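J.: Below is a structure I'd like to ask you about.
The values are calculated or read from the model by the stated rules, or taken from the named source; none is laboratory data. What you are looking at is a predicted structure, and each value in this text was computed from that prediction instead of being measured. Cβ atoms come from the backbone with ideal geometry, glycine included; neighbour counts cover every protein chain shown.
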Amino acid sequence: MRSEYNLLRMQLPLWMTVLLVSLTLIFGLGGGLIVGSSLTPATNCPESDEVCEEFGVFWQAWELTRENFVEPEAVDPQEMTEGAISGMLDSLGDQGHTRFLSAEDARRWQESLSGEFEGIGAYLNVREDGQAIIVRPIEGSPAEAAGLKAGDIILEVDGESTQGMTVDELAATIRGPQGTEVTLTVIHPGTELPVDIPIERNRIEVPSVTWRMLPNDVALVQLTSFAERSSEEMQQALTEAQAEGAEAVILDLRNNPGGLLNEAVGIAGQFLEEGTPVLIEENRADERTTTTARAGGVALDIPLTVLVNLNTASSAEIVSGAMQDAGRAQVLGVPTIGTGTVLTTFQLEDGARLLLGTSQWRTPSGRLIRETGIEPDIEVVLPPGTQPLSPTDAAELSAEALRESEDTQLAAAFELVQEAAQR
């Protein structure tokens, strides 16, 4: 069953296990050779003769594995099936985006989009080198209170190595019922020695938008994801900020892993005039559809600067690219990750889901973002080991302290947006 909405990946790269089955010739000390017998390909195949013949090899490998693998207990048909599906999707070259979710993973994934769950309260990722990291702790969460930091490398969870885990497996290992405890072994940015951090899980309610007023009437609005109701939260935050005298806005999309496409369009529409192009979707037939901003934006004229970094992904790239192409704001930071496929969800028989990239997106001017990302108008790199300031922390600083902050991206945006407000 096909879902009724498209979405963009909330979790930057996700590495799925690939089922690799091979018939091996084994030479023992006595020069013996074990040769497997051939199997007849399945009949009644609905595909072409060529595809059916190739698929027969899969069943041959399946039967050989099931009947001959040295550890019979390890031969789990469900895990083998899920691994085979994941391997098939991985071959498409859209790793971390197009992917398979088991029924349990699908439940957790849907829960994450609702903005409520039980756990430690942190965004997670697995990098290309296989390192599990904390993208950022959620403000006010048990993870933040325990001392987890953005960029922490997670080595172990309750003594279990994270090596080889996918993002969903990592999340499943860390999450748990409210009141229970989990211990993460991490290496903080700029350090070398691992530390154990025990954290008591709690019920996490995650507002996707937080904001605070900085000196000189600049509102810092942080968007952490594109979840259900994010555009409503953004509209409320912008309305409140302007009611309190905000004369300029910094929109912080750093470490934003993306989310629902319709929320991206809604949030872009808070800053763009009705009818302004937000994105172009391009399907497999090279047909293009342009989506425009809807009416009702509440921050159409206020000076705006957008912050991005390497962990700015998918929906966040749509919004930053739309602001660039419309000339609405300057984008400041470092190039974004380049997650450019639009996912459609398909419900499978047992509750599992297939998240399939059915189209790719371009900025309104036609720039393809997949594997390229958004290039900032002004490139500013954070010093090694420096973490972005949250709105709460930034609001405690004076104007001078902000300008001299180690968060050089926010400091530069603070100066830039004030100059724009004075024009």
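J.: What is the one condition in (1) crowded, with 21+ Cβ neighbours inside 10 Å; (2) part of a helix (DSSP H, G or I) that R136 does not satisfy?
T.: Of the numbered conditions (1) crowded, with 21+ Cβ neighbours inside 10 Å; (2) part of a helix (DSSP H, G or I), the odd one out for R136 is (2).
J.: With segment 205-288 as the region, which strands (runs of 3 or more DSSP E) entirely inside it contain at least 3 residues that are over 17 Å from A394 (Cβ atoms) and of a type outside the set (F, W, Y)?
T.: Working: elements: 209-214, 218-223, 248-252, 277-283.
So the answer is 277-283.
J.: Among the residues of segment 349-381, which ones are modelled with pLDDT under 95 and among the hydrophobic types (A, V, I, L, M, F, W, C)?
T.: Hits for segment 349-381 are A352, L354, L355, L356, W361, L368, I369.
J.: Just the residues that are touching a Pro at 6+ places or on another chain (Cβ under 8 Å), part of a loop (DSSP other than H, G, I, E, B) and surrounded by fewer than 18 Cβ atoms within 10 Å (Cβ to Cβ), please, taken from segment 146-193.
T.: Across segment 146-193, the qualifying residues are K149, P189, G190.
J.: Evaluate the following for E379: is it among the acidic types (D, E) and under 30 Å from E82 (Cβ atoms)? Give the derivation first.
T.: Numbers: among the acidic types (D, E): yes; under 30 Å from E82 (Cβ atoms): no.
Considered against the rule, which asks whether it is among the acidic types (D, E) and under 30 Å from E82 (Cβ atoms), E379 comes out as no.
J.: Somewhere in segment 83-101, is a residue assigned to a loop (DSSP other than H, G, I, E, B), more than 30 Å from G266 (Cβ to Cβ), modelled with pLDDT of 85 or more and small (G, A, S)?
T.: Scanning segment 83-101, I find at least one residue that is assigned to a loop (DSSP other than H, G, I, E, B), more than 30 Å from G266 (Cβ to Cβ), modelled with pLDDT of 85 or more and small (G, A, S), so the answer is yes.
J.: Which pairs have Cβ atoms under 8 Å, sit 6 or more apart or on different chains, and link a residue in segment 69-96 that is on the phi > 0 side of the Ramachandran plot to one that is among the charged types (D, E, K, R)?
T.: Within 8 Å, the pairs are G96/R9.
J.: Separate question: How about segment 48-95: which of its residues are surrounded by 12 or more Cβ atoms within 10 Å (Cβ to Cβ) and of a type in the set (S, T, Y)?
T.: Hits for segment 48-95 are T65, T81, S86.
J.: Does segment 322-341 contain at least one residue that is surrounded by fewer than 16 Cβ atoms within 10 Å (Cβ to Cβ), over 25 Å from L124 (Cβ atoms) and without any contact (Cβ under 8 Å) to a residue 12 or more places away in the chain?
T.: Within segment 322-341 (the criterion being surrounded by fewer than 16 Cβ atoms within 10 Å (Cβ to Cβ), over 25 Å from L124 (Cβ atoms) and without any contact (Cβ under 8 Å) to a residue 12 or more places away in the chain), the answer is yes, since at least one residue qualifies.
J.: Take the residues in segment 219-245 that are without any contact (Cβ under 8 Å) to a residue 60 or more places away in the chain and surrounded by 23 or more Cβ atoms within 10 Å (Cβ to Cβ), then tell me which one is nearest to W109 (Cα to Cα).
T.: S230
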